[in-house]
1. Working carefully through the options Thr104, Thr58, Thr78, find the one that is hydroxyl-bearing (Ser, Thr, Tyr) and under 17 Å from the mean Cα position of the chain (by Cα).
2. Looking only at segment 258-280, which residues are touching a Leu at 6+ places or on another chain (Cβ under 9 Å) and modelled with pLDDT of 95 or more?
3. Take segment 29-75 and flag every residue that is acidic (Asp, Glu) and in contact with a Leu (Cβ under 6 Å, 6 or more places away or on another chain).
4. From Ala149, Ala183, Ala129, Ala176, grab the single residue that is part of a helix (DSSP H, G or I) and of a type in the set (A, V, I, L, M).
5. Read through the list (1) of a type outside the set (Ser, Thr, Tyr); (2) within 12 Å of the ligand (Cβ to nearest atom); (3) in contact with a Pro (Cβ under 9 Å, 6 or more places away or on another chain), then give the number of the only condition that Ala22 fails.
6. For residues that are more than 9 Å from the ligand (Cβ to nearest atom) and either over 21 Å from Glu52 (Cα atoms) or touching a Pro at 6+ places or on another chain (Cβ under 8 Å) (or both), tally how many sit in segment 121-138.
7. Looking for whichever is touching a strand residue (DSSP E or B) at 6+ places or on another chain (Cβ under 8 Å), modelled with pLDDT under 90 and within 15 Å of the ligand (Cβ to nearest atom) here; the options are Gly63, Gly14, Gly59. Which one fits?
8. In the list Ser170, Ser195, Ser179, Ser201, which residue meets the criterion of being within 16 Å of the ligand (Cβ to nearest atom) and either of a type in the set (Ser, Thr, Tyr) or exposed (fewer than 15 other Cβ atoms within 10 Å of the Cβ) (or both)?
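The values are calculated or read from the model by the stated rules, or taken from the named source; none is laboratory data. Keep in mind that this is a model prediction, so the values were computed, not measured. Neighbour counts run over all protein chains shown; Cβ positions are idealised from the backbone, glycine included.
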Amino acid sequence: MTRRVRTAVFPVAGLGTRFLPATKAMPKEMLTVVDRPVIQYAVDEAREAGIEHFVFVTGRNKGVIEDHFDRQYELEQTLEIRGKTEALLELQRDLPSAGRTSFTRQQEPLGLGHAVWCARELVGDQPFALLLPDMVFMAKPGVLKQMMATYEETGGNIIGVEEVDPADVSSYGIVARGSGPDAGFRITGMVEKPSPQEAPSNLFISGRYILQPEIFSLLSEQTKGAGGEIQLTDAMQIMIRSQMFTGVKYEGKVFDCGSKIGFLTANVAFALDRPDISEDFRKATRNLGLGIDGDYLG
Ligand code: UTP
């Protein structure tokens, strides 16, 4: 019997230096893809996968994320008085229920591994999902839900992966693929930001994980790795010696909204995918001679 995954961790304490000056006073997780903050996509994906407890690891300047997941009575009242029922219902739908969110602070941005470690007391001794919110997915069902289906069969640790151009492997964590189908294959190793020559495959770790709680003690022993940060991949690399890691090459596509190009592409792709605006958006770009003619095909 595998232990159910009830809790998800969202690390949102990074500095977002690739997005300055936008992220000087505003967290990058609040940048919007069409009209929804990036963090909302990750929370929606977690909820679709059955997550009940949402743990945010925040940092300086991130208070607005906490506000985003709280009720805004004045706004709700105004929407009600103005008869904007649909907008009101959407706001209410987006919120996890009362008591289902927790916030903790990473006091210094020492890296993703350190941010995850900061969630240890809130997660406790149970498996948990980890979602990097600046990775936004277009996938049906959602990527975490696809990974949960595999987890129910295999247990252990699960990592979502996608193919990347072999020339770009040095920007990502890359896994070595063992036997098994796309929906659940054995991961035999992993390496953070390898050169194209060292990379064991072109399957990159795209920001969705299901992890067993033993990762926390490994993270507490970590020193700084690639980029001078405490790396999650380094801790997973040690854990793979004693625990099973399964890769899921999910159906869908990731947009790295922590990078300018990924973020801009996501906005175009999601706008084309939205029935309420896609036609007008296409028309507007045509009028400008930008020529976005087709549908987004995923
Ligand atoms: P990134 O490396 O993409 O975030 O981390 P960053 O450091 O904010 O970005 P740049 O490179 O400076 O532009 C992936 C995720 O991990 C979180 C980030 O908030 C992001 O969601 N993170 C990263 C932390 O919570 N703490 C850290 O110390 C580093």
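1. Result of the check over Thr104, Thr58, Thr78: Thr58.
2. Phe263
3. Just the residues of segment 29-75 that are acidic (Asp, Glu), to begin with: 29, 35, 44-45, 48, 52, 66-67, 70, 74.
Glu45, the sole residue that qualifies.
4. Ala149
5. Tallying (1) of a type outside the set (Ser, Thr, Tyr); (2) within 12 Å of the ligand (Cβ to nearest atom); (3) in contact with a Pro (Cβ under 9 Å, 6 or more places away or on another chain), Ala22 fails exactly one: (3).
6. Adding up the residues that qualify gives 8.
7. Answer to the selection: Gly59.
8. Testing whether each residue is within 16 Å of the ligand (Cβ to nearest atom) and either of a type in the set (Ser, Thr, Tyr) or exposed (fewer than 15 other Cβ atoms within 10 Å of the Cβ) (or both) leaves just Ser170.
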